[in-house]
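Report on the following structure.
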Amino acid sequence: MRVPLSWLREFVPIGTNVDELVERLTMSGIEVETIEYIGVFSPKVIVGQITTCTVSPKDPKVHILTVSTPEPITVVSAAPNVAHGSGRVAVALPGATIIDRSKPGFAVRDVVLATLYGVSSNGLLCSDAELGIGHDHSGIRFFGDDAQIGAPALSVVPIDPSWEADVVLHLSILPNIARCQSIIGVAHEVAAIFGLQVTDLRDDAGPSIQSGPLDPILDDAGNCRRFSVAEVSDVTVGPSPAWLQRRLILAGMQPKNNVVDASNYVMLEMGQPTHTYDATKLTNRVLSVGPSKSGEKLRTIISDEQAEPMVLPSGILTIRSGDDPVAIAGVMGGKETSVDAQTSEILIESANFDLITIRRSQKQTKLFSESSARFSRGVDPALTDRAIRRILAILRFNSPLLRVHSVGDSKNISLDDFSITLSVSQINTTLGTQWSLSEIETPLRRAGLRCKPGTAADTLDVWIPTSRGDIREACDLIEEVARLVGYDRIPETMPTDPIPQATMDRAIRVREKARDAMVRLGYQEIMTYTLSSREVETALFAAHGVPESWVALELLNPVTVERSIGRTSLLAGLLGTLGLNARHTNGCHLFELGLVIHPQSSPSGGVILPKEPVHLAMVTSGPLTAPSMHEPEPRRADIADVIETIREFAHLLHLDKIEFEPATAPPFQQGACGKIVREGQTFGYFGLIHPQVLGRFDLGGRMVAGAELRLDALLAHAKDHATFREIPRFPGIDIDIAIIVPEEMLAGTIVTTATAAGGDLVCGVEIFDVYRGAQIQAGQKAIALRLKLNARSRTMQMEEAIDLRQRVAAALRAELNAVVRE
């Protein structure tokens, strides 16, 4: 919101200290983003002293001057009175904004470094008209000899409210200060902050806008709370008065014609958007509000004549004349019914719409306007009739004989004030203050809120007008008091209650522990985008084909096609990063801990939020260590390293009973893939990435091993603390068993069976050799086991070890049909 201070002063008597105004506005919650100084108000318009003046060799009417500011600069000027003076002048340095007199009407321009007539000009000597302090543009402005060189030009001229020079504040309008989307709204805020009186806009004499023959039809009453109209004839369309055009330009809008300008002016001044139709172009002058129908089209006022009309999204709120849509309600009007130079009869629309509805219309149509910016934040419904009367008053500057034929006003909202009871103890407890009832009442009255003592002691009944849609509860009033008094003026107090001990959520704590474990195991963490593309995600199925059950969450309005769906796996991002890094490094070992997105479907057809489980994925490729004198060609990572990483990861997080079983799953190679199992439940897959998948990620010809685990589900079984067993005080015995089993027999099954058969005396079972050869039948393999035995409380005897070996051997024969080699 651009706020020219000259316009603001029409309603509130603010001083000339702009810095104080900006600070107090910002401290009250109304952020001033930038300040635009125009003309003589610019700090870069200063007093300079002409020290030399020579005629340009390229044009005798042009002079090249040296001006002391007090630093000497070169300025090129064609002003006719330059040659007759050597005094002190107004110099606009680069970066200053001045009035542009090279264009008709009111315009501004920035001063820049320029090369003129072959000379670099470092500034501009200004006339009264360019400074905005007068209309004389016949020559540059000279000051008296008492003007200090280098001082701001503003300091040597008395300020006059009739100047065209101005200061414009750029306010950041947030939803909670929607009332500041108008000059009058800002004036009320300034008055409340500084304790000033507001000169409210006088209700100009005109017809009463009330229920009448033109009452609009509210087919969608829930989304349109009030709709006022007036039918006007004998309108003369032409340019607006100069003062009005200037204000529009300073506020950021371009003048069109007096009818459109009056509508825009009232919107900026009062905050009530309006729209004007050429009444003769309407099929029915009784307008209605309703949803658009499928396939309906509208050419908006910003559309080219040659462009195809816009196909309206079905169900958005529209203004209709008969069966035809003539405007997108609260957003933009239609070109076919717009005012032009031949218009003599107009219909003025002034309505109030539900802010959520307007936000939806903006999003669906991708159209944004000054009107929708206000309606989407909330507009006072009491303004619709006043805005029409104000437009009529402005139109009379060009059309003094205009006549209002008929009016209409439909509403389904109460315009009465409502009250909120506020207690002194409530506000003092909340803010930590010791204020009295009168100290609380004063800022509320300055904000324009009616107050009277409540029925209970030390309470206040505060009446809230329709213009304060941001105040609905007592806590809103407490915030209003704190804001107007000044957050920086509320005394600092220490809390009386002890600060509670912060405790970290277990899930967060265990995830951080998982990160630390992966880093400890030699992997580097990366973070990739949660949003991906269908092409990247389905690349993981290059070798297996995309299963029919695979589904991804699709974004309705993606910023880019590369970020159009939610990722379903972490491996795609890891492989993409590995492919980029493989161009620069030989070995790369990466992991990522993050969420994946799995859409859910409802049997009843309703909306169900997707699941977002946290996964852990890793990829490893290339040498595990750097080459050295002792190992010039280090061993390269393979599937065994991933298995050992998962095993060590489980150990560091105190996860027991982790087993590995063969499996088939994308994106891994068949026969080099397994699943991670605990007590019969699968928690992830690991293996060598399939070559076809690697080719899709620029990793062709490399061996890459990886894994992906359902981390949150797995960590639910992790223990918070390690379980320790007493260190054996007595020596143990290692004894071996050699068996022959079928080729498909899993090593984990053999170890589990041997451990169970040995009981408490078995401290561990280790497979230390696997043999396939001439002495072993095809389809079988010989495995050597080592049983680590210890009685813990005594020295174990060899007879016990041999007896236990026989017991384990018998279990292997019975349960696994193994052949024990004696």
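The values are calculated or read from the model by the stated rules, or taken from the named source; none is laboratory data. Everything quoted here is computed from the prediction, not taken from an experiment. Ideal geometry is used to build each Cβ from the backbone, glycine not excepted, and the neighbour counts take in all protein chains shown. Note: areas computed on protein heavy atoms with side chains; ligands, DNA, RNA excluded. Shrake-Rupley method; radii C 1.70, N 1.55, O 1.52, S 1.80 Å.
List of remarks:
- Solution diffusion estimate, µm²/s, Stokes-Einstein, the range 419-489, Kirkwood Rh from C-alpha pairs, 20 °C, viscosity 1.002 mPa s: 178 µm²/s
- Distance (nanometres) between label positions extended 7 Å along Cα→Cβ at VAL561 and SER102: 4.5 nm
- TYR117 contributes an accessible area of around 110 Å² to the protein surface, as traced by a 1.4 Å probe with all chains present.
- When you restrict to C-alpha pairs under 8 Å that are six or more residues apart and normalise by the size of the range 506-715, the relative contact order lands at 21 percent.
- Scanning residues 5 or more positions from HIS544 or on other chains, none has an amide H under 5 Å from its amide H, with H placed 1.01 Å from N in the peptide plane.
- Exposure check, 1.4 Å probe, all protein chains in place: LYS293 carries approximately 110 Å² of accessible surface.
- The ILE608 and ARG489 beta-carbon pair, evaluated with R₀ = 35 Å, returns a calculated FRET efficiency of approximately 0.10.
- Modelled label positions at VAL18 and LYS366, each set 7 Å beyond Cα in the direction of Cβ, lie 3.8 nm from each other.
- Accessible surface for the range 298-403, divided over its residues, is 41 Å² per residue with a 1.4 Å probe.
- Extended-chain gain in nm, criterion 0.36 nm per residue less alpha-carbon gap, GLN600 and SER438: 52.6 nm
- Counting DSSP beta bridges with both ends in the chain, the antiparallel % (nearest 5): 95 percent
- Whole-number accessible area per residue in Å² for the range 39-167, which is evaluated in the context of all protein chains at 1.4 Å: 47 Å²
- The spacing between the range 332-383 and the range 281-304, judged by their C-alpha centroids, is 12 Å.
- Backbone N under 18 Å from the GLU31 label point (7 Å along Cα→Cβ), restricted to the range 467-497: 483, 487-488
- Amide H contacts of LYS256 (H built 1.01 Å from N, under 5 Å, at least 5 apart or other chain): ASP261
- Each listed q (0.14, 0.17 Å⁻¹) maps to a log10 I(q)/I(0) for the range 119-215, found by the Debye formula over equal Cα scatterers with no solvent: -0.87, -1.00.
- Length gained on full extension, ALA814 to LEU174, computed as 0.36 nm times the residue gap minus the Cα-Cα distance: 222.7 nm.
- Computed from the Cα positions only, the extents of the range 506-715 along the three principal axes stand at 66, 37, 31 Å, in decreasing order.
- Across the range 224-411 the C-alpha pair distances fall into 5 Å bins from zero in the proportions 1, 8, 17, 22, 22, 17, 9, 3, 0 percent.
- Taking only the C-alpha atoms of the range 39-167, the Rg (one decimal) and the largest Cα-Cα distance, Dmax (whole number), read 13.6, 42 Å.
- Whole-angstrom Cα spans of the range 672-795 along principal axes, big to small: 61, 50, 25
- Sequentially through the range 533-546, phi angles give Karplus couplings (6.51, -1.76, 1.60; θ = phi - 60°) of 10, 4, 4, 6, 5, 6, 4, 5, 9, 4, 9, 10, x, 6 Hz, Gly and Pro residues having no value and appearing as x.
- Here the accessible area of the chain is 52 percent carbon and sulfur, with a 1.4 angstrom probe and all protein chains present.
- Under 5 Å between amide hydrogens, built in the peptide plane, is the criterion, and for LYS297 it picks out LEU312 among residues at least 5 positions away or on other chains.
- Convex hull volume per residue for the chain, taking Cα atoms only, in Å³: 322 Å³
- Figure legend: label point modelled 7 angstrom from the Cα of LYS61 along Cα→Cβ; residues of the range 95-110 with amide N under 19 Å from it are 101-104.
- Per residue Cα convex hull volume in Å³ - calculated over the range 62-118: 106 Å³
- 1.4 Å probe accessible area per residue over the range 690-822, in Å²: 57 Å²
- A Förster distance of 60 Å, applied to the separation of the beta-carbon atoms of ALA784 and SER419, puts the FRET efficiency at 0.10.
- With the simple spin-label model, which puts each label point 7 Å out from Cα in the Cβ direction, the THR664 to ASP234 separation comes to 9.1 nm.
- Sequence-separation-based contact order of the chain, relative, with Cα cut under 8 Å and 6+ spacing, percent: 8 percent
- Backbone N under 20 Å from the SER120 label point (7 Å along Cα→Cβ), restricted to the range 48-75: 51-54, 56-58, 63-75
- For the range 419-489: relative contact order, % (alpha-carbon pairs under 8 angstrom, 6 or more apart): 38 percent
- Per-residue 3J(HN,Hα) values for the range 155-165, derived from phi via the Karplus relation 6.51 cos²θ - 1.76 cosθ + 1.60 with θ = phi - 60°, read 6, 10, 10, x, 6, 10, x, 7, 4, 8, 4 Hz in sequence order (x marks Gly and Pro).
- A simple rule links phi to the HN-Hα coupling: the Karplus curve 6.51 cos²θ - 1.76 cosθ + 1.60 with θ = phi - 60°, which for the range 744-755 gives 7, 5, 7, 4, x, 5, 5, 5, 5, 5, 5, 5 Hz, with x for Gly and Pro.
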